[in-house]
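Undergrad: Attaching a single structure in structure tokens format; questions to follow.
The values are calculated or read from the model by the stated rules, or taken from the named source; none is laboratory data. Just so it is clear, the structure is predicted and the values come from calculations on it, not from any experiment. Here Cβ is always computed from backbone atoms with ideal geometry, including for glycine, and neighbour counts include all displayed protein chains. For accessibility, only protein heavy atoms count, side chains too; no ligands or nucleic acids. Shrake-Rupley method; radii C 1.70, N 1.55, O 1.52, S 1.80 Å.
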Amino acid sequence: MIKKEFIASRIKDHESNIVTKMWNIQSKLKNVIAMGRGDTDLDTPRHIIDAGIHALNNGATHYTHPMGLLELRQAICKDIKINGGAQYKEDEVVVTAGGQEAMFVIALGILNPGDEIITVAPGYNPYFQAAELAEAKPVKVNTYIENNFAMTAEAVEPLINSKTKILVIINPCNPTGAVTPYDQILKLADLAIKHDLIVISDEIYSRLTFRNHKVQPVAALPGMFERTITLNGFSKAYCMTGWRVGYFAAPKNLITHLSELHHGFAICAPAVSQHAALAALQGSQVCVENMKKTMEERCKILCDGLEALHIPFSEPQGGYYVYANVSATGLSASDFCVKLLEEGQVIVYPGTLYGDHCDDFVRFSLTQPVNKIEEAVSRIMKVVSSI
Ligand code: PLP
């Protein structure tokens, strides 16, 4: 009954959903600058594509080991370690069809009906949906622009009770670009130990941090390995959204049944994509450095434009989004997005997708080249000055 209600409410949401509405409007327009979805215009680096083609030509058309190719899992373990993370073993990693699959496998595999999962808001909304599908309660820890949307232990602790099972840390955060400060990660880890919580540390944007901001991998902290699930993927840093390959890493006691569940969901991640992901990790990392520079440059152009338009935003510390407050226009976030799309042909997403207290905010994705971002800023200016 609950599952049926969940699905019915999702279908209803889908029909009245602002994103569906905007896609419908967009399909009738010819010259839209797409800064909505978290999928860059940049193609997968050539050597990764070539590895995929090579793999296909050499028989990578079959299922792989359900947990993923052994060489890939070994490369993932090495990569996590050299980036300051924990020392995982190859049988503590499951390669999934994107980080998104990992999220649902973890929620359905760990949460019982009535359990609670604390997750940041504004934050990546599939965590809320995964919790609901598991008949658990997503409890949102609100973060605010005044504090650069930092997730703090002080805000989390009052939300913990005997039903709380999981704490999600998205670092850097989508949609705010906030990197959880090191001192807060330590305090959040202490909370997890004190209250016996499992932490999902979503580090999918961790290679894309700006200036001196750095992500502290949670599983590497004392006492955290045994209670942390590290979630990551290739979509963002290696521009591989369409390949659908990600992973989670967790201690043996958690991984065994989660791996079984993943087998039930997907059997394995696409073989070709796993070979491409292996090339991503084993090849030169210059492409990631370039990606980071590109995002920083785009971010600056957009932030300068928003500043000139007196639209407040929190300067991103990583990721590829800018989260800005459009309340001065007098419009709700959804109305602003629809107007900007209809009159300016720029698509951005309303903050309400990411948190209940976000009706003043919109998310800009840095998914367009600099000249298009400049064009988007001038279109926004025209729309805003017409209000
Ligand atoms: N985690 C976060 C915070 C994201 O923003 C996304 C996608 O936007 C994902 C995980 C899932 O990405 P993918 O399934 O492409 O690996």
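Undergrad: Would you calculate, for the chain, the mean residue ellipticity at 222 nm contributed by helices, counting each DSSP H stretch of 4 or more residues as -39,500 (n - 2.57) and dividing by all residues, to the nearest 500?
TA: Dividing the helical sum by the residues of the chain leaves -13500 deg cm²/dmol.
Undergrad: Would you list, by chain and number, the aspartates and glutamates whose Cα falls below 12 Å from the Cα of LYS21, excluding same-chain residues fewer than 8 positions away?
TA: In chain and number order, the partners are ASP13, ASP335, GLU342.
Undergrad: Please give me the summed charge of the neighbours of PRO312: other residues whose Cβ is under 13 Å from its Cβ, Lys and Arg +1, Asp and Glu -1. Mind dumping the intermediate values first?
TA: Working: positive: none; negative: GLU146, GLU307, GLU315, ASP360.
Residues near PRO312 contribute -4 overall.
Undergrad: Using heavy-atom solvent-accessible surface (probe 1.4 Å) with all chains present, what is the largest-first order of ARG227, ARG37, ARG298? Please list the in-between numbers first.
TA: Details: ARG227 40, ARG37 145, ARG298 10 Å².
Heavy-atom accessible area, descending, gives ARG37, ARG227, ARG298.
Undergrad: Just to confirm my numbers, what's the Cα centroid distance between the range 35-106 and the range 330-387 in Å?
TA: 33 Å
Undergrad: Roughly speaking, to the nearest percent, how much of the range 169-234's 1.4 Å accessible area is carbon and sulfur? Could you put the intermediate results ahead of the total?
TA: Working: 1160 of 2180 Å².
C and S atoms contribute 53 percent here.
Undergrad: May I pose another question? So for the pair LYS78, SER385, with labels modelled 7 Å out along Cα→Cβ, what separation do we get in nm?
TA: Each label point is offset 7 Å from its Cα along the Cβ direction, giving 5.6 nm.
Undergrad: Give me a comma-separated list of calculated 3J(HN,Hα) values for the range 98-106, in order, Karplus coefficients 6.51, -1.76, 1.60 applied at θ = phi - 60°, integers in Hz, x for any Gly or Pro.
TA: Coupling constants for the range 98-106: x, x, 4, 4, 4, 4, 6, 4, 5 Hz.
Undergrad: Hey, another quick one. What is the distance in Å between the Cα centres of the range 209-274 and the range 281-329?
TA: 24 Å
Undergrad: Here's another thing I want to ask about it. Would you mind calculating the gained length between ASP183 and HIS54 on full extension (0.36 nm times residue separation, minus the Cα-Cα distance), in nm to one decimal?
TA: Roughly 41.9 nm would be gained on extension.
Undergrad: Another one. Compute for the range 146-207: radius of gyration divided by Kirkwood radius, i.e. Rg/Rh, restricted to C-alpha atoms, rounded to two decimals.
TA: My calculation of the ratio gives 0.96.
Undergrad: Give me the dipole magnitude in Debye, nearest 20, for the chain about the Cα centre, with unit charges on the beta carbon: positive for Lys and Arg, negative for Asp and Glu.
TA: Values: 35 positive and 41 negative charges, 99 e Å.
Charge dipole, the chain, about its Cα centre: 480 debye, nearest 20.
Undergrad: Right, something else. Excluding residues fewer than 8 places away in the same chain, name every one of the aspartates and glutamates whose C-alpha is closer than 12 Å to that of LYS187.
TA: LYS187 reaches GLU154, GLU157.
Undergrad: Let me ask something else. Between MET151, MET240, MET291, where does the largest GNM mean-square fluctuation fall for the chain, given springs only between Cα atoms within less than 10 Å?
TA: MET291
Undergrad: Please tell me which of these pairs span more than 32 angstrom C-alpha to C-alpha: LYS137/LYS252; LYS165/LYS292; LYS165/LYS293; LYS140/LYS382? If you can, show how the numbers build up before the last one.
TA: On the way: LYS137/LYS252 26 Å; LYS165/LYS292 34 Å; LYS165/LYS293 38 Å; LYS140/LYS382 36 Å.
Flagged as over cut-off: LYS165/LYS292; LYS165/LYS293; LYS140/LYS382.
Undergrad: Net charge near LYS165: determine it from the other residues with C-beta under 13 Å of the C-beta of LYS165, scoring Lys and Arg +1 and Asp and Glu -1. Mind dumping the intermediate values first?
TA: Numbers: positive: LYS137, LYS163, ARG227; negative: ASP115, GLU116, GLU135, ASP196.
Cβ neighbours under 13 Å give a net charge of -1.
Undergrad: Averaged per residue, what accessible area in Å² does the chain show with a 1.4 Å probe, protein chains only?
TA: On a per-residue basis, the chain sits at 42 Å².
Undergrad: Of ALA136, GLN184, VAL105, which is farthest on the positive side of the dipole of the range 97-218, counting Cα position, with +1 on Lys and Arg Cβ, -1 on Asp and Glu Cβ, and the Cα centre as origin?
TA: Looking along the dipole axis, the top candidate is GLN184.
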